[in-house]
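To keep things clear, I will list the structure first and then write my remarks on it.
The values are calculated or read from the model by the stated rules, or taken from the named source; none is laboratory data. Owing to the predicted nature of the structure, the values given are computational and were not obtained by experimental measurement. In this analysis, Cβ positions are derived from the backbone assuming ideal geometry, glycine residues included, and neighbour counts consider all displayed protein chains. All accessible areas refer to the heavy atoms of the entire protein, side chains included, with ligands and DNA or RNA removed. Shrake-Rupley method; radii C 1.70, N 1.55, O 1.52, S 1.80 Å.
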Amino acid sequence: MDKLVIRGGVPLHGTIRVGGAKNAALPCMAACLLTEDELLLDQVPDVRDLQTTRRLLETMGVETDAGSGRARHRMALKARNITNPEAAYDLVKTMRASTLVLGPLLARTGQARVSLPGGCAIGARPINLHLLGLEKLGARLRQEHGYVIAETDRLRGNHYVFDRITVTGTEDVLMAAVLAEGETVLENCALEPEVVDLAELLIKMGAKIEGAGTPTLRIQGVARLHGASHRIIPDRIEAGTFILAGLITGGQLTVTGLNPLHLRALLDRLQEAGADLRVGADAVETHPSPRLRGLDITTAEYPGFATDLQAQYMALMTRAEGTAVITETIFENRFMHALEMVRMGADIKIEGNRAIVRGPAPLTGAAVLASDLRASASLVLSGLAAEGETIIDRIYHIDRGYERIEDKLRAVGGVIRRIGNLIPQPASAAASL
Ligand code: EPZ
């Protein structure tokens with residue numbers, strides 16, 4: 001089991017380039033199932049969740065080819081023949097977003113057998129809204145032995161209003177609708193940039209989609225889609241994480257290769273809290289911000305404050321002057337990082353879906369446990385700011401969504417190293433354990 005060892009107190013200084021967005025690459029990889037032609041994806045981050053997705057697609061008969069070394073961010077996928085329209089439990093349990101294959105498998109083959117993902121550390125995370133949407137398009141669904149079995153003779157366009165905004169639910173049903181017969185109107189859709197990126201890829205593949213980035217998607221089904229090449233958008237969550245790393249260490253850190261429009265909520269709040277940030281066309285530079293004060297935030301669907309940056313923001317607020325009330329509205333159990341930060345000396349009280357953070361608290365290094373992807377990132381930030389040594393265990397969580405985070409931080413002065421297996425084990429090894 002890998003661990004990260006961090007010696008805190010060193011201001012980060014230099015430039016970090018962010019990679020492609022994990023949460024855009026996932027649906028874009030699943031989109032390969034919609035055509036027998038080849039998809040060429042660029043700026044695909046080399047992270048465990050995508051290695052798992054690649055392995056999952058290969059079990060279905062998809063031919064994949066990923067580069068290595070400097071070309072490791074390019075991936076070719078070709079679903080010439082889908083020999084096995086199934087997402088097995090042993091893979092889905094390691095990555096719930098595997099349910100993104102449900103819509104495209106149904107659209108392409110008329111059948112799918114996908115393991116129900118089960119809950120995860122941050123919440124129950126049902127997929128009922130995915131399933132209702134697919135039923136609206138004519139899928140017949142039943143559940144057996146922990147699997148969803150879906151069948152259809154032909155998906156037909158319909159009108160569906162999501163009961164609540166769901167990112168992968170929007171993506172799943174959108175990928176079904178593009179090959180359905182006739183027009184589909186989806187309302188109360190997610191607006192996340194990752195959804196827009198998927199829609200742009202699907203349009204390149206010949207899909208007819210209007211309204212990407214708005215609450216209403218209007219899709220005219222087509223008979224088939226063709227191959228395309230596509231560059232994945234920058235990862236706004238990785239970018240936000242490193243911006244917060246620059247601020248929490250009081251360093252001058254340039255985070256580049258990002259789209260600042262995707263980070264407006266975070267950047268606005270940070271500047272309101274007194275952070276000294278210089279925002280450019282594709283970069284954000286942090287400067288020492290001694291007058292940082294506690295500022296309340298409430299997570300919300302895009303363009304609101306991203307729930308995936310809540311834990312990292314909390315780490316910064318432990319170092320700010322005064323009180324910050326952090327309200328989590330998307331997931332029911334997304335404060336586990338707070339308990340680990342308290343062990344490092346933070347002053348955080350949890351009241352339902354609110355965390356009251358009082359600062360500045362002098363953080364001291366400790367042995368802590370990662371519980372989920374973004375909680376792990378917040379503990380790295382706390383470790384970078386703490387006096388002394390922090391050891392973070394179970395960092396396979398962090399490898400799911402951050403590519404070689406220790407290398408990127410060490411390159412800008414972070415005193416951080418990985419112990420245990422020297423490199424993140426490929427998903428295939430993990431899945432077969
Ligand atoms: C996506 O998860 C992201 N994952 C998550 O990022 C992100 O936290 C989340 O969106 C919210 O922005 C990927 O894109 C792969 P939702 P998703 O469906 O789609 C409820 C990370 O760290 N809901 O938008 O699973 C659900 O329980 C990950 O990279 C239903 O009730 O999230 C939640 O409370 C973590 N029924 C809310 O909606 C459904 O059918 C939003 O979930 C679907 C969702």
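The table that follows gives values for the structure above.
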| read-out | value |
| --- | --- |
| Of the criteria (1) within 19 Å of PRO27 (Cα to Cα); (2) open to solvent by 10 Å² or more (accessible area, probe 1.4 Å), which one LEU225 fails | (2) |
| Search result, residues across the stretch 208-251 that are of a type in the set (A, V, I, L, M, F, W, C) and touching a residue at least 60 places away in the same chain (Cβ under 8 Å) | ILE219, LEU225, ALA228, ILE232, ILE233, ILE237, ALA239, PHE242, LEU244, ALA245, LEU247, ILE248 |
| Inter-residue pairs, beta-carbon under 9 Å, first touching a residue at least 60 places away in the same chain (Cβ under 8 Å) and in the same structural domain as TYR89 (by TED's automatic domain parsing) and in the stretch 106-117, second part of a strand (DSSP E or B) and acidic (Asp, Glu), 6+ apart | LEU106/GLU151 |
| Yes/no for VAL44 being crowded, with 17+ Cβ neighbours inside 10 Å, among the hydrophobic types (A, V, I, L, M, F, W, C) and either in contact with a Phe, Trp or Tyr (Cβ under 8 Å, 6 or more places away or on another chain) or free of Cβ contacts under 8 Å to residues at least 24 places away in the same chain (or both) | no |
| Filtered residues of the stretch 216-241 (kept if among the hydroxyl-bearing types (Ser, Thr, Tyr) and part of a strand (DSSP E or B)) | SER229 |
| Qualifying residues in the stretch 1-16 (those that are assigned to a loop (DSSP other than H, G, I, E, B) and open to solvent by 60 Å² or more (accessible area, probe 1.4 Å)) - the one nearest to ASP407 (Cα to Cα) | PRO11 |
| Qualifying residues in the stretch 402-418 (those that are among the charged types (D, E, K, R) and under 15 Å from GLY14 (Cα atoms)) - the one surrounded by the fewest Cβ atoms within 10 Å (Cβ to Cβ) | ASP407 |
| Options ALA71, ALA76; residue that is farther than 13 Å from LYS22 by Cα and surrounded by 15 or more Cβ atoms within 10 Å (Cβ to Cβ) | ALA76 |
| THR214 closer than 15 Å to PRO27 by Cα, modelled with pLDDT of 95 or more and either open to solvent by 50 Å² or more (accessible area, probe 1.4 Å) or of a type outside the set (Phe, Trp, Tyr) (or both) | no |
| Selection from the stretch 60-72 of residues that are in contact with a strand residue (DSSP E or B) (Cβ under 9 Å, 6 or more places away or on another chain), of a type outside the set (Asp, Glu) and modelled with pLDDT of 95 or more | MET60, VAL62, THR64 |
| Qualifying residues in the stretch 371-394 (those that are buried (at least 24 other Cβ atoms within 10 Å of the Cβ) and not in a helix (DSSP H, G or I)) - the one nearest to the ligand (Cβ to nearest atom) | ILE392 |
| Residues of the stretch 136-153 satisfying the condition of being touching a strand residue (DSSP E or B) at 6+ places or on another chain (Cβ under 6 Å) and open to solvent by 50 Å² or more (accessible area, probe 1.4 Å) | LYS136, ARG140, ARG142, GLU151 |
| Set GLY240, GLY251, GLY304: member being within 16 Å of the ligand (Cβ to nearest atom) and under 18 Å from VAL380 (Cβ atoms) | GLY240 |
| Members of the stretch 18-36 that are of a type outside the set (A, V, I, L, M, F, W, C), closer than 16 Å to THR52 by Cα and open to solvent by less than 10 Å² (accessible area, probe 1.4 Å) | PRO27 |
| Residues of the stretch 242-293 satisfying the condition of being more than 21 Å from ALA385 (Cα to Cα), outside any helix (DSSP H, G or I) and open to solvent by 40 Å² or more (accessible area, probe 1.4 Å) | ASN259, ARG278, VAL279, ALA281, ASP282 |
| Residues of the stretch 307-329 classified as surrounded by 20 or more Cβ atoms within 10 Å (Cβ to Cβ), free of Cβ contacts under 8 Å to residues at least 60 places away in the same chain and either more than 11 Å from the ligand (Cβ to nearest atom) or of a type in the set (A, V, I, L, M) (or both), total | 4 |
